[in-house]
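Visitor: Sharing a structure here in structure tokens format.
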């Protein structure tokens with residue numbers, strides 16, 4: 001009897017909450033013995049579209065690369081354009097950008113924590129997380145007027161200033177999360193079933209995380225001290241003294257499992273709250289944009305020549321944008337984006353191996369992928385040639401049944 | 001009976017299937033926010049389902065990439081009649097910022113018939129709720145048509 005009995009494709013239409021992606025899992029009974037990943041279903045040709053637009057127009061395109069980390073993408077893009085055109089951003093604008101980046105990190109991490117609870121069948125924690133997340137969405141809406149794509153960054157600064165009213169709202173939010181978020185954290189970490197579902201599941205060792213270039217919270221959960229806010233500070237982070245959050249500093253050891261990834265993200269929410277407070281306390285006076293007139297900015301960018309880089313720490317890991325501007329051409333000559341999920345998805349096959357099929361949704365979610373949507377699987381029994389379609393619902397039920405089995409009677 | 005009457009006492013709880021055909025996730029997280037406690041559309045019995053065969057409503061987000069066109073069609077065909085298609089977001093309605101991309105087959109109404117458009121990039125949860133209310137009316141009028149057609153066939 002061969003060790004490999006089933007091959008289970010997840011996707012290609014894997015249409016649930018995030019981007020579609022395909023993965024094939026080789027199964028021995030319920031155990032996963034091998035895995036392959038094929039991305040690419042969501043390719044919209046954004047980099048090509050950028051060649052037909054000027055940098056100010058591309059801001060709104062870059063914002064729509066990902067709706068969850070939209071501000072991270074435009075900050076990386078703007079830093080690349082500013083680097084290419086040698087534009088200096090005023091200090092106040094840098095602080096405001098850091099503030100919005102941290103607000104975005106808070107909402108992204110809370111959303112992830114909620115979805116992780118949902119995929120193990122802990123629905124009440126999911127609803128609690130979503131309720132808490134609305135508070136940061138309110139703050140973002142107060143400041144920018146939008147909930148998801150904020151449209152607040154522009155070349156050489158930001159478009160809106162932090163008024164005393166916004167300052168009050170952000171400080172209220174920080175106080176709210178310091179009081180309330182611990183409830184969510186306790187519920188999940190103290191719950192024996194949640195802990196049993198997440199401990200030693202989807203393990204990515206320290207060596208594997210480095211070898212496969214894992215980024216952001218995925219790498220930090222494996223014990224790798226990497227955080228661009230610490231190692232290569234950008235915007236205002238040089239003044240803010242950010243340390244990478246790694247589990248060995250808090251619980252003694254880093255196992256690199258789903259629980260550690262949960263822990264890192266939850267601790268980073270607290271870290272973001274501290275950073276936001278420091279930003280508000282140290283907010284310098286001055287302009288928020290180096291040149292108010294968009295026409296003047298565009299004529300300056302048209303004269304610019306050169307390649308610019310912008311690399312920042314997005315909620316999921318390093319996000320890099322590289323832009324080339326040619327003198328006399330208003331549009332981008334070329335533009336390259338490297339988002340963190342692609343790098344993290346490479347480590348999926350390692351995380352899958354040795355786990356149950358029922359853990360697959362949790363492991364897929366654990367790197368916080370921009371993956372989504374209805375999940376359809378085709379189970380092929382190589383022995384009998386039987387085929388069976390597994391929907392996302394069945395998969396989710398499998399995951400939930402596993403939780404139920406673990407619960408004490 | 002006027003169709004608007006159906007909004008006072010819902011004749012049926014809508015079950016919704018979402019299909020992300022290449023969106024940026026912005027609309028998808030707003031759909032999740034719509035089912036979360038603040039907006040709580042589940043109080044009307046509406047929920048997201050994992051299989052198109054259980055669904056009454058197909059919610060499509062995103063501007064339909066070439067790869068997803070065939071998958072979208074297959075999902076659409078699996079939903080039993082009467083069914084309503086709701087497009088959430090500007091890019092599914094018109095292409096929006098993704099106009100003139102080489103890899104898009106959309107907007108959605110070039111591929112499957114669309115009943116309700118919800119505009120916004122992304123739309124607010126309130127707008128999505130309004131779109132669902134329109135979908136209820138649309139579904140009831142379609143159901144009436146189907147019943148009429150069945151009666152005529154019998155006579």
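The values are calculated or read from the model by the stated rules, or taken from the named source; none is laboratory data. If you're wondering where the values come from, they're calculated on a predicted model, not measured in any experiment. All Cβ positions, even for glycine, are placed from backbone atoms using ideal geometry, and neighbour counts span all protein chains on display.
Visitor: Can you tell me which of (1) under 19 Å from the mean Cα position of the chain (by Cα); (2) over 21 Å from residue A:341 (Cα atoms) is the one residue A:212 doesn't meet?
Guide: (2)
Visitor: Among the residues that make up the stretch B:112-122, is at least one of them under 27 Å from residue A:57 (Cβ atoms), out of contact with any strand residue (DSSP E or B) (no Cβ under 6 Å at 6 or more places or on another chain) and modelled with pLDDT of 90 or more?
Guide: Yes, there is a match, as at least one residue in the stretch B:112-122 is under 27 Å from residue A:57 (Cβ atoms), out of contact with any strand residue (DSSP E or B) (no Cβ under 6 Å at 6 or more places or on another chain) and modelled with pLDDT of 90 or more.
Visitor: Given (1) under 20 Å from residue B:135 (Cβ atoms); (2) within 7 Å of chain A (Cβ to nearest Cβ), where does residue B:53 come up short, assuming only one miss?
Guide: (2)
Visitor: Please go through the stretch B:1-48 and pick out each residue that is under 18 Å from residue B:75 (Cα atoms), modelled with pLDDT of 85 or more and more than 10 Å from chain A (Cβ to nearest Cβ).
Guide: B:14, B:15, B:16
Visitor: Here's something else I'd like to know. Identify all residues within the stretch B:65-88 that are crowded, with 22+ Cβ neighbours inside 10 Å and within 10 Å of chain A (Cβ to nearest Cβ); write none if there are none.
Guide: B:65, B:68, B:71, B:72, B:75 - these are the residues of the stretch B:65-88 that are crowded, with 22+ Cβ neighbours inside 10 Å and within 10 Å of chain A (Cβ to nearest Cβ).
Visitor: Report yes if residue A:56 is in contact with a helix residue (DSSP H, G or I) (Cβ under 8 Å, 6 or more places away or on another chain), surrounded by 23 or more Cβ atoms within 10 Å (Cβ to Cβ) and farther than 20 Å from residue B:31 by Cα, otherwise no. Talk me through it step by step, then tell me what you get.
Guide: Numbers: in contact with a helix residue (DSSP H, G or I) (Cβ under 8 Å, 6 or more places away or on another chain): yes; surrounded by 23 or more Cβ atoms within 10 Å (Cβ to Cβ): no; farther than 20 Å from residue B:31 by Cα: yes.
Here the answer is no, as residue A:56 does not meet what is asked.
Visitor: Then there's this: Among the listed residues A:114, A:153, A:129, A:145, identify the single one that is under 23 Å from residue B:26 (Cβ atoms) and surrounded by fewer than 18 Cβ atoms within 10 Å (Cβ to Cβ).
Guide: Result: A:145 is the single residue among A:114, A:153, A:129, A:145 that is under 23 Å from residue B:26 (Cβ atoms) and surrounded by fewer than 18 Cβ atoms within 10 Å (Cβ to Cβ).
Visitor: Considering every residue within the stretch B:68-87, establish whether at least one is in a loop (DSSP other than H, G, I, E, B) and touching a helix residue (DSSP H, G or I) at 6+ places or on another chain (Cβ under 6 Å).
Guide: yes
Visitor: While we're looking at this one, here's another question. Within the stretch B:31-45, track down each residue that is touching a helix residue (DSSP H, G or I) at 6+ places or on another chain (Cβ under 7 Å) and either closer than 13 Å to residue B:130 by Cα or surrounded by fewer than 18 Cβ atoms within 10 Å (Cβ to Cβ) (or both).
Guide: Within the stretch B:31-45, B:31, B:34, B:37, B:38, B:39, B:41, B:42 qualify.
Visitor: May I pose another question? Return the residue satisfying two criteria in turn: it lies in the stretch B:89-111 and is under 14 Å from the mean Cα position of the chain (by Cα) and within 12 Å of another protein chain (Cβ to nearest Cβ), and of such residues it is surrounded by the most Cβ atoms within 10 Å (Cβ to Cβ).
Guide: B:89
Visitor: With the requirement that a residue be touching a strand residue (DSSP E or B) at 6+ places or on another chain (Cβ under 8 Å), assigned to a loop (DSSP other than H, G, I, E, B) and within 14 Å of chain B (Cβ to nearest Cβ), what does the stretch A:46-89 give you?
Guide: Passing the criteria: A:51, A:65, A:69.
Visitor: Something else: Give A:256, A:202, A:223, A:252 a once-over and let me know the one that is on the phi > 0 side of the Ramachandran plot and out of contact with any helix residue (DSSP H, G or I) (no Cβ under 7 Å at 6 or more places or on another chain).
Guide: Step by step, each of A:256, A:202, A:223, A:252 is checked, and only A:252 is on the phi > 0 side of the Ramachandran plot and out of contact with any helix residue (DSSP H, G or I) (no Cβ under 7 Å at 6 or more places or on another chain).
Visitor: Only one of A:179, A:146 is without any contact (Cβ under 8 Å) to a residue 12 or more places away in the chain and part of a loop (DSSP other than H, G, I, E, B); which? Before you say what the answer is, go through the steps one by one.
Guide: On the way: A:179 fails: part of a loop (DSSP other than H, G, I, E, B).
Of the residues listed, the single one that is without any contact (Cβ under 8 Å) to a residue 12 or more places away in the chain and part of a loop (DSSP other than H, G, I, E, B) is A:146.
Visitor: Can you say whether residue A:174 is surrounded by fewer than 22 Cβ atoms within 10 Å (Cβ to Cβ) and part of a loop (DSSP other than H, G, I, E, B), as far as the supplied structure shows?
Guide: no
The rows are residues; the columns are (1) more than 18 Å from the chain's Cα centre (by Cα); (2) under 25 Å from residue A:170 (Cα atoms); (3) assigned by TED's automatic domain parsing to the domain that holds residue A:268.
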site: A:77; (1), (2), (3): no, no, yes
site: A:81; (1), (2), (3): yes, no, yes
site: A:85; (1), (2), (3): yes, no, yes
site: A:102; (1), (2), (3): no, yes, yes
site: A:111; (1), (2), (3): no, yes, yes
site: A:119; (1), (2), (3): no, no, yes
site: A:122; (1), (2), (3): yes, no, yes
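Visitor: Being closer than 28 Å to residue B:105 by Cα and at pLDDT 90 or above, is that true of even one residue in the stretch A:97-104? Even if it seems obvious, please write down each step before you answer.
Guide: At the first step, the residues of the stretch A:97-104 found to be closer than 28 Å to residue B:105 by Cα are none.
So far as the stretch A:97-104 goes, no, none of its residues is closer than 28 Å to residue B:105 by Cα and at pLDDT 90 or above.
Visitor: Determine if the stretch B:10-30 includes at least one residue that is in contact with a helix residue (DSSP H, G or I) (Cβ under 6 Å, 6 or more places away or on another chain), under 17 Å from residue A:114 (Cβ atoms) and surrounded by fewer than 23 Cβ atoms within 10 Å (Cβ to Cβ).
Guide: No: the stretch B:10-30 contains no residue that is in contact with a helix residue (DSSP H, G or I) (Cβ under 6 Å, 6 or more places away or on another chain), under 17 Å from residue A:114 (Cβ atoms) and surrounded by fewer than 23 Cβ atoms within 10 Å (Cβ to Cβ).
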